[in-house]
Structure formats: structure tokens, C-alpha cells
1. Within region 138-183, how many residues turn out to be assigned to a helix (DSSP H, G or I) and hydroxyl-bearing (Ser, Thr, Tyr)?
2. Of (1) part of a helix (DSSP H, G or I); (2) among the charged types (D, E, K, R); (3) under 27 Å from Ser173 (Cα atoms), Glu36 satisfies all except one. Which?
3. Of all the residues that make up region 139-161, how many are within 13 Å of the ligand (Cβ to nearest atom) and either buried (at least 19 other Cβ atoms within 10 Å of the Cβ) or under 21 Å from Gly74 (Cβ atoms) (or both)?
4. Take the residues in region 1-13 that are open to solvent by 40 Å² or more (accessible area, probe 1.4 Å) and of a type in the set (S, T, N, Q); name whichever of them is farthest from Ser165 (Cα to Cα).
5. Just wondering, is there one or more residues in region 26-34 that are under 14 Å from Ser81 (Cα atoms) and modelled with pLDDT under 95?
6. Being within 11 Å of the ligand (Cβ to nearest atom) and outside any loop (DSSP other than H, G, I, E, B) is the filter; apply it to region 14-33 and report the residue that is most open to solvent (accessible area, probe 1.4 Å).
7. Given the conditions (1) within 15 Å of the ligand (Cβ to nearest atom); (2) free of Cβ contacts under 8 Å to residues at least 60 places away in the same chain; (3) open to solvent by less than 70 Å² (accessible area, probe 1.4 Å); (4) not small (Gly, Ala, Ser), and given that Glu123 satisfies all but one, which numbered condition is not satisfied?
8. State whether one or more residues within region 98-110 are within 10 Å of the ligand (Cβ to nearest atom), over 20 Å from Ile145 (Cα atoms), at pLDDT below 95 and within 16 Å of the chain's Cα centre (by Cα).
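The values are calculated or read from the model by the stated rules, or taken from the named source; none is laboratory data. Treat the numbers as computed from the prediction; the structure is a model and nothing was measured. Here Cβ is always computed from backbone atoms with ideal geometry, including for glycine, and neighbour counts include all displayed protein chains. Keep in mind that these areas ignore ligands, DNA and RNA; they rest on the heavy atoms of the full protein, side chains included. Shrake-Rupley method; radii C 1.70, N 1.55, O 1.52, S 1.80 Å.
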Amino acid sequence: MDVTLVTTNPGKLREVRALLSEFGAVVRPLRRALPEPQSDSLDVVARAKLAAVSDLRGWVLVEDSGLFIPSLGGFPGVYSSHIYAIWGLDPILELLARRPRAAVFRTVAGLRRGRTTWYLTGECDGTIATSARGSGGFGFDPIFIPKGSRRTFAEMSETEKGVVSHRGRAMRSVGEILAESKK
Ligand code: IMP
């Protein structure tokens with residue numbers, strides 16, 4: 001079955017495509033800039049993104065993700081994409097020089113078909129590395145070490161990242177809904 005993923009982020013597209021292929025879904029990308037309302041909740045942003053693509057038919061998927069660092073009051077959180085675009089990685093590493101390094105990646109996926117919508121979440125606990133390492137993935141991957149690993153996401157293969165990542169967890173829930181609908 002076909003699923004339209006609305007995103008401008010090629011890293012997300014690559015990961016979602018691989019994760020949902022496990023459930024027999026073919027992801028068709030649609031590049032459209034979506035609203036990011038001022039809110040400290042990924043859920044609110046995911047709902048706004050899904051509302052902005054109400055013209056699309058069939059299975060429609062959006063997702064909003066962010067990196068939340070408790071010792072920075074949850075920053076960059078819902079502002080992750082802006083902060084990454086403006087700052088890159090170094091200022092986060094500097095801010096954490098004398099602060100606890102725990103962090104969590106979160107995803108909220110919004111899925112719609114017809115009048116039915118689902119919101120699926122995924123989380124990945126970890127820590128922020130002391131320096132950027134690895135060349136895989138995208139965004140904050142070179143500085144995020146998932147719990148139970150010594151490697152950053154950027155030092156893992158896409159498959160390894162997907163097993164433990166926030167997006168992997170959310171997309172497996174999406175995949176279950178897609179698979180269930182075929183029965
Ligand atoms: P948004 O979901 O489009 O608002 O963007 C979230 C931003 O968080 C991305 O632009 C990345 O900078 C960052 N991000 C989200 N997921 C990941 C990930 O899996 N790895 C690294 N950075 C991520």
C-alpha cells in the first residue's frame with residue numbers, strides 16, 4: 001500500500017521509507033513546507049501539520065521530532081530543526097560542558113486515512129557525547145548516544161539506529177496500523 005509522507009527532510013524520508021517497508025508499505029514523498037506553531041508540545045505541532053494536508057487523499061503521514069535535554073529545560077525540543085539550522089552542534093556541546101548530559105529524542109507521527117487519524121509516539125533515551133562522532137544519519141545524530149550503546153547514532157547503520165530510535169519506535173506503531181488495515 002502507498003503512504004504519502006509529507007516532509008522536506010531527506011533524512012526522515014530515508015528512515016521512514018526503510019522502516020515502513022518492513023510492513024509492506026511504499027512511501028511516496030511529498031515536499032511541502034508545513035506549519036510549526038509556537039508550542040512546547042510535539043503533539044500540537046504534529047496535529048497542525050496533519051491539519052495542513054487535509055487536501056491529500058489515501059494514507060497520509062507527517063511526523064514531528066525533537067531532541068529534549070532536561071538540564072537545558074528541554075531545549076532544543078520543538079525548536080530542534082531551527083536550532084540545528086542556525087547553530088549546528090557546537091553550542092549544545094558548549095552548553096553541556098558543565099551540565100548533566102542526559103537527553104531524549106521524541107517523535108510524534110500523525111497518520112490519517114479518510115476521517116480517521118492516529119497519533120503514534122516513540123522515545124529514545126540517551127546522552128549527549130562530549131564531541132561529534134560519525135558520518136551517518138542527519139541532524140543531531142553525531143552527538144546522541146542511545147542508552148545501552150557506546151556509539152552515536154551517526155556511528156550506526158541506518159538499520160541499527162532504527163531498532164532503538166524514537167522514529168523506529170513510532171514507525172513500528174504506524175506499520176502495525178497499516179498492516180492491520182490490510183486484513
Ligand atoms: P522537525 O520534526 O521537522 O521539526 O525537525 C526536527 C529536527 O530535530 C530535525 O531537523 C533534526 O535537526 C532533529 N532530529 C529529529 N530527528 C532526528 C534524528 O533522528 N536524528 C538527529 N536529529 C534529529
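1. Matching residues across region 138-183 total 3.
2. The failed condition is (1).
3. So the count comes out to 14.
4. Thr8
5. yes
6. Arg14
7. (3)
8. No; the residues of region 98-110 include none that is within 10 Å of the ligand (Cβ to nearest atom), over 20 Å from Ile145 (Cα atoms), at pLDDT below 95 and within 16 Å of the chain's Cα centre (by Cα).
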